[in-house]
Amino acid sequence: MKGRSLCAPMEGHPIPPRPDAPLPLSPQATWTPPPPPQPALRYASFWIRVGATLIDGLVFIPLSIPFLIAVWNRMSTEVDRSIASGQPVDVTRSMGRYAGWALAVAVATYAYQALMVRYFGGTIGKLAVGIRVRTADGNVVGWREALLRPILQLIIGVGSFVPGAGLITLLDDLWMLWDRQKQTLHDKVAGTIVVHR
């Protein structure tokens, strides 16, 4: 023991902590408050979505008016020609113009829906009535959902001159009446829901 202080620790033995030193906290001992509960999602009802669709329809009236005028003028000319010549009305040329115009309107509608949903969470009609498009778990939609959501409507719009296309549109819109999350068929294609803001 010669030359060794009585207070020096012996080799291999740690110094015990002071009695007044605070005990170290273990990760299990720390407590954090739970995150605040997320508000329950309120799905948009059928009638409020109908209202949003009507408002969106007003956006496309400027596109529809020139088309209706062109169709009316063309049909009027064909009827006058038919009366003067005694031949039946030829609607084949009108159908070709109608198909081209339907394609243009369908593409414009697709771009409008996709861009508005991606950047603003809804179209002008949806924003006006206070509803938004979200992913199925309530998050903000990304490009995938925004581009997939109007695809069914684009296909129906392009094929609107085909008999029975209107029934698909009707089924798409009415599907939400019996769906648990009030999803339409185009919501199901994209994995989206429509909720109150």
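Between residues in the range 104-128 that are under 15 Å from V141 (Cβ atoms) and residues that are open to solvent by less than 20 Å² (accessible area, probe 1.4 Å) and of a type in the set (D, E, K, R), which pairs lie under 7 Å by C-beta distance while being six or more apart or on different chains?
Every condition considered, the pairs that remain are Q113/R149; V117/R149; T123/D56.
Suppose we filter A114, A128 for residues that are open to solvent by 50 Å² or more (accessible area, probe 1.4 Å), within 29 Å of D179 (Cα to Cα) and in contact with a helix residue (DSSP H, G or I) (Cβ under 7 Å, 6 or more places away or on another chain); which single one remains?
A128
Filter the range 131-153 down to residues that are of a type outside the set (S, T, N, Q) and farther than 16 Å from V189 by Cβ and give me whichever is least open to solvent (accessible area, probe 1.4 Å).
I131
Listed residues P39, P62, P35; which is exposed (fewer than 10 other Cβ atoms within 10 Å of the Cβ) and part of a helix (DSSP H, G or I)?
After applying the criteria, what remains is P62.
Is it the case, given these coordinates, that V79 is within 30 Å of Q181 (Cα to Cα) and β-branched (V, I, T)?
no
The values are calculated or read from the model by the stated rules, or taken from the named source; none is laboratory data. None of the values given here were measured: they were computed from a predicted structure. Cβ coordinates were reconstructed from backbone atoms using ideal geometry, including for glycine residues, and neighbour counts include every protein chain displayed. Protein only, heavy atoms only, side chains kept; ligands, DNA and RNA dropped before computing areas. Shrake-Rupley method; radii C 1.70, N 1.55, O 1.52, S 1.80 Å.
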